[in-house]
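**Student:** Following this message is one structure expressed as structure tokens.
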Amino acid sequence: MPDRNGITNIPIHEWIFQQIQDPLLFTNEAGDIIRCNQAALEVIGPERQTVRDLLDFKRLKGHEGIQKIIDFQTEGDRLYFVQCMRVRKEEGLYALLFRPLSISDQTLEVKREMDRLMDASSEGVVMHDNGRIVDCDSTFARMFGYKREVMRNTDVFSLVDEDSRENLKQLLHSYPEEPYQLKGKKKDGTTFFLEILAHPYPQEDRVLRVAIIRDVTERVHNEKKIEFMSYYDELTDLPNRHYFHDMLNEALMEAAGQGEGVAVHFIDLDYFKQINDTLGYAFGDKLLKACAERLKSIQEQDTFIARMGGDEFLVLQRYVTSKEKAEDYAEKMIGMFQRPVTIDDYELYTSVSIGISLFPDHGRSADDLIKKSDSAMFTVKGRHRNNYLCYNASISEKFEKMLSMDSELRKALKQDQLELHYQPQKSIGTGKIVGLEALIRWNHPDKGMISPATFIPIAEKNGQIIEIGEWVMKEACKQNKQWQDEGFAPVIVGVNLSALQFLQKDLVFRVKQILEETGLAPEYLELEITESMAMTNEEYIIHTLKELRELGVHVSIDDFGTGYSSLKYLSRFPVSKLKIDKVFISENQKQNQAIVKSIIHMSHSLNMKVIAEGVETAEQWNFLKNEKCDEIQGYFYSKPLPPEQLSDVFNSSIVH
């Protein structure tokens, strides 16, 4: 058979040339086809004159004798090993032998190529025919928990999670250029995430599909974690403030279009910082989780709860038809915190302060509504906590004043603007002074005297209360020692401790240090804590109180009767005195008098003294005297006085 250039002299017998089953052809130096057998004609077509448009002939010549993989862009789209050999150097004659890849050859080559594409080295490979597995490697089999021989003839749909089967069905008959992801199902039923890169390969009269499978479970989990962290708070599993902001914007758009109302609740846990500082951040985290669970337990279809950060939470309430509806929900949240929270065998009473803002009345943007609900919350916290307040225009003015006062308060201590006044405490039995309560005052250079009720909540909020509280204790001890040095009869000076100050881990050390610096004997200092503080963490409180008593300092419980006292714990407290809250004294109702009687009798049975504060009338004095109350404090006897005005009071022994 002559070649296409009329040359018949090729270095192979004609019969052998035609009997070779694999495609074989000869070319010249340029790649023009000189001669080809019948098998080659079936592959390249009878009209083809050159191989240059089939393969990179120049590169192939450079790798003479080495097999290369060629994917012919012809009908069938098959893969071949191609080997190029120069048979006559002087004539520039080359022989090209084509050998079709077997299934196993294709599998290995596809895996090699896909490893390169996916930049991986440990993926499994599988070949299947319309979903029925023809072959796979051991890595693929192990990935699903099977042996390789068991995998043959397995339906690939049985290897994916039910939710992924419809996606697989669609992808099985398409040709995605990028890897796609499904959820696999192992032999033991556990699921994992798969990344799949597949390609169809014709084989004789059928189209096989070869796929590389990679286990990307760890990567997916990391991606999901990153996504979760973008929208959720990791500690409480609640949405974070960014997610809340997006949801609020969406709710506002919907509400504006339908003429509906929206409420934003800004929630702050009362005394959280004190608990956190006392028992540690791990304990504080557990408390935050417990509080988040309580909020979740009352979440409704129309509400969306998020953690703002720290001890602050946000609640979006949709379809609010009135201010009362928003307030009802706030009351419901407050009610959830009436029960104690049990953490690590500690029984804690905590409460929440809630500020409310309404759309469209108080603002039309998410930022405005959050800011105004925060302002309202701060106002609640500054008054009496454990309550809610709906925003009004005056709150903004107060909030701005608060920010200004916050700045000025930081200067007050450094510039000696703070001073102490002392209110005498009188023995009902002897009529003599037995103690003085130190009460702080802020003598502002421009605004005059500022009430503690105005600036103490600000100091508690910004953390300055610790520094102020320490100054009060030191100043009171120093003044009391001075009176003693001046010859006045020794009395006890009482100092109020803030919750934050009382829950400091080194409180006892600080008290001891102040007593040593001022020279005051411990028995002339009394520290007052509120009833609600005492009930915050009973075991820790008992331990601290015992250390203070060992130091020789007295401890009294202030505002008694307004909190959650348990007689079980009260009987264990090393407390020397109970102070009856003035609310029970100022109103002479029979019910209040009954409460006062009970407190007096109970205190005496526990070997504690009782002092009544807020005594302003002779009628109140006589009632307390008849009930054998030990001491009184109030305007009936004396208002709080600066140190220089107390000399006459010390010298007075008038009995009313």
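**Student:** At a Förster radius of 60 Å, what calculated FRET efficiency corresponds to the Cβ-Cβ distance of SER586 and HIS221, to the nearest 0.05?
**Tutor:** The pair SER586/HIS221 has a calculated efficiency of 0.45.
**Student:** Now for a separate question. Please list 496-502, 334-340 highest first by mean number of surrounding beta-carbon atoms within 10 Å per residue.
**Tutor:** 496-502, 334-340
**Student:** Tally up the carbon and sulfur contribution to the accessible surface of segment 318-469 as a whole percent, 1.4 Å probe, everything protein left in place.
**Tutor:** 47 percent
**Student:** Filter the GluC sites (Glu not before Pro) in segment 208-256 to those in DSSP coil with at most 11 other Cβ atoms within 10 Å of their Cβ, and list the result.
**Tutor:** Here the sparse-neighbourhood loop sites are GLU234.
**Student:** Between LEU235 and ASP22, what is the FRET efficiency for a Förster distance of 60 Å, r being their Cβ-Cβ separation, to the nearest 0.05?
**Tutor:** Computed FRET efficiency for LEU235 and ASP22: 0.35.
**Student:** Just to verify a number: what accessible area does LEU97 come out at with the full protein assembly present, 1.4 Å probe, Å² rounded to tens?
**Tutor:** 50 Å²
**Student:** Right, something else. Heavy atoms only, probe 1.4 angstrom, no DNA, RNA or ligands counted: give me GLU260, GLU644 ranked by accessible area, highest first.
**Tutor:** Order by accessible area, largest first: GLU644, GLU260.
**Student:** Determine the distance separating the Cα centre of segment 416-449 from the Cα centre of segment 136-150; give it in Å without decimals.
**Tutor:** Between the Cα centres of segment 416-449 and segment 136-150 lies a distance of 84 Å.
**Student:** Shifting gears a bit: Run the simple label-point estimate for TYR635 and ARG132 please: 7 Å along Cα→C-beta, distance reported in nm.
**Tutor:** Calculated label separation equals 10.0 nm.
**Student:** Let me ask something else about it. So for segment 324-373, averaging the separation of alpha carbon pairs under 8 Å that are six or more residues apart and normalising by length, what relative contact order in percent results?
**Tutor:** Here the relative contact order equals 26 percent.
**Student:** Moving on to the next point. Could you grab the relative contact order for segment 283-440? Cα pairs under 8 Å, six or more apart, rounded to a whole percent.
**Tutor:** The normalised contact order for segment 283-440 reaches 13 percent.
**Student:** In the neighborhood of ARG219, defined by Cβ-to-Cβ distances under 12 Å, what is the net charge if each Lys or Arg adds +1 and each Asp or Glu adds -1? Please report the intermediate quantities before stating the final value.
**Tutor:** Working: positive: ARG214, LYS224, LYS225; negative: GLU195, ASP215, GLU218, GLU223.
Once all neighbours under 12 Å are counted, the net charge is -1.
**Student:** Could you work out what % of the accessible surface of segment 592-656 is carbon and sulfur, using a 1.4 angstrom probe and leaving DNA, RNA and ligands out of the count?
**Tutor:** Here carbon and sulfur together make up 48 percent of the probe-accessible area.
**Student:** Rounded, prolate or oblate: which one fits segment 128-167, using the alpha carbon gyration tensor with axes a ≥ b ≥ c (rounded when a/c is under 1.5, else prolate when a/b beats b/c, else oblate)?
**Tutor:** It comes out oblate by the Cα gyration axes.
**Student:** Taking only protein heavy atoms into account and a 1.4 Å probe, give the accessible area per residue of segment 420-510 in Å².
**Tutor:** The answer is 39 Å² per residue.
**Student:** Still on this model: Could you work out the local net charge near GLU300, counting Lys and Arg as +1, Asp and Glu as -1, over the other residues with Cβ closer than 13 Å to its Cβ?
**Tutor:** +2
**Student:** Determine the sum of side-chain charges near HIS554: Lys and Arg each +1, Asp and Glu each -1, restricted to other residues whose C-beta is under 10 angstrom from that of HIS554.
**Tutor:** Combined, the nearby Lys, Arg, Asp and Glu give 0.
**Student:** Using a/c under 1.5 as the rounded threshold, could you call segment 212-357 rounded, prolate or oblate? The axes a ≥ b ≥ c are square roots of the C-alpha gyration tensor eigenvalues, and prolate needs a/b larger than b/c, oblate otherwise. Show your work: numbers first, answer last.
**Tutor:** Working: a/c = 2.43, a/b = 1.05, b/c = 2.32.
It is oblate, given that a/c is not under 1.5 and a/b is not larger than b/c.
The values are calculated or read from the model by the stated rules, or taken from the named source; none is laboratory data. Bear in mind the structure is a predicted one, so any value in this text is a computation, not a measurement. Neighbour counts run over all protein chains shown; Cβ positions are idealised from the backbone, glycine included. Side chains are part of the model used for accessible areas, which takes the heavy atoms of the whole protein and leaves out ligands, DNA and RNA. Shrake-Rupley method; radii C 1.70, N 1.55, O 1.52, S 1.80 Å.
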